[in-house]
1. 5 Å is the cut-off here: which amide hydrogens, built 1.01 Å from N in the peptide plane, fall below it relative to Phe361, excluding neighbours closer than 5 in sequence?
2. Note the angle between two axes, namely the Cα long axis of helix 125-143 and the longest principal axis of the Cα atoms of the chain, as a number of degrees from 0 to 90, rounded to the nearest 10.
3. Pull up all non-local amide H partners of Leu123: gap of 5 or more, or a different chain, and H-to-H distance under 5 Å with H placed in the peptide plane.
4. Which order do the peptides 158-167, 264-273, 282-291, 89-98 take when ranked by the mean count of other beta-carbon atoms within 10 Å per residue, highest first?
5. Could you state the angle between the C-alpha long axis of helix 205-219 and the longest principal axis of the C-alpha atoms of the chain, as a value from 0 to 90 degrees rounded to the nearest 10?
6. Rank-order 299-311, 337-349 by packing density, defined as the average count of other C-beta atoms within 10 Å over each peptide's residues, highest first.
7. When you count, for each residue, the other Cβ atoms within 10 Å and take the mean per peptide, how do 218-227, 47-56 rank with the highest first?
8. Sticking with the crude label model, points 7 Å out along Cα→Cβ, report the distance from Gln393 to Leu177 in nm, one decimal please.
Amino acid sequence: MSSRNEYEIEIMPSQELQHNPNYEIIEESGVKNYLQRIRPAWHAKQLVQRTMRILPVDPSSACQRIFNASIHDLREKVIMAGTDIAQQAARSYNLPAISSDEDVLERYDTGKLITLAYRMGMLTRPEYRRITRVYDIRKDLEHEDDEYEAGVEDVVYIFKTCVDVILANDPISIIKLTEIKSIVESPDPVTLDHAVIEDFGQAPEPRQTEIYQFLISTALNSSHPDIVRQNCYNALGTLRAYTNRNTILTASRHFVDNRLERRTPLLAEMRVANVSGILPYLRSAHVNSFYEQFLQRLKDTGYHWENHIVHGELLRDLKEIGGLVNCKDELIKGKIMTWLIKCYIGEPGGYGPYGRGRRVFYSNSGAPLSLELLVEDPTINKEEIEKVRTKSQVIRQKIADQYIMARFQEIITAVESR
């Protein structure tokens, strides 16, 4: 590093400053263009002007200045993101404890700060690696004095990384749990607007997890008004596609360990588990036990068309837990498929005052939903439908009627053309 300190450089008249031999190459690299992309807040601190003054004479000092500024900016952004998130990230990843803003602003080691920002979700993995490399170069510049000076490639890399990753970007406005609460606790039906969805999608994992678990818990809490529970249910369905996978996994573990333990899930719990995306991560024993109980509901209700008045609600319940997709017990799934096929194909008609022009009697509410449930499961194909026919004597007997056989063929056509 140059023997002149930065203060001497800044106060010396420009004609007395001797340019670094590599400055022409540095200037041609377009480094000054990076400085112009720094946020206005830092322009007001005259960072750009001072750095441009130092750069021609002492590139190493200029690199340290731009890096120090980016780290100071990162510290402030961590505080703005939320000390609570910083504290949780520090605990989760064995980083130094944080008890106040001053810990972050004044006492946190630079390397640990970069890691903290990454663990909070403020830096992506590639950005974290880039800033870490810059930190390594900066340590070389600071501690090796005249033995190591910033080369052209160092200057370009440091300036581009510090500006692109930190100094050019506005602080992240992380959505708070209180904001979500104020929305879903409305006495009227609500939907999340685009800004809320976008803020949630950009929120670090700890905040997403906090919000997601609140929505799940509230959606299942009978002490809350029905409208609030429904708002939470709808919010989960909206946010699911923007939720970090680790948040889904954490929510599923919490759901099993703190809610279900060893019992069979209730229908309401399965509905929420499905809409939130945690159902595939529940234990197979829990899920299969629920489907076994639901199969008994189907049997108790019966597939006969005369029970059409209850088929709609029954099968909509099945659709709201994801249909047959989440049932992993082949025996149970096969029996439910058999029920659905029987419900759809119906039985011979052509009799009675209302049936003379109707060749097949079937449930007007149950048949369409049965077909939808069969088609919506991508694992159900022609071979699976034929397998059910082979095993079910009732179905084989029914399709001896040509009109019922035609309805059976409709199922095969529907699953093949999905």
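No value in this document is a laboratory result; all are computed from the given coordinates. No experiment lies behind these values; they were computed from the predicted model shown. With ideal geometry, Cβ positions are generated from the backbone for all residues, glycine too; neighbour counts draw on all protein chains shown.
1. Glu347, Gly349
2. Taking Cα atoms only, the helix is inclined about 20 degrees.
3. For Leu123, whose amide H was placed from the backbone, the distant partners under 5 Å are Tyr118.
4. 158-167, 264-273, 282-291, 89-98
5. With both axes taken from Cα atoms, the answer is about 30 degrees.
6. So the peptides 299-311, 337-349, ranked by packing, come out 337-349, 299-311.
7. On the way: 218-227: 14.0, 47-56: 19.2.
So the peptides 218-227, 47-56, ranked by packing, come out 47-56, 218-227.
8. Label-label distance for Gln393 and Leu177, simple model: 5.9 nm.
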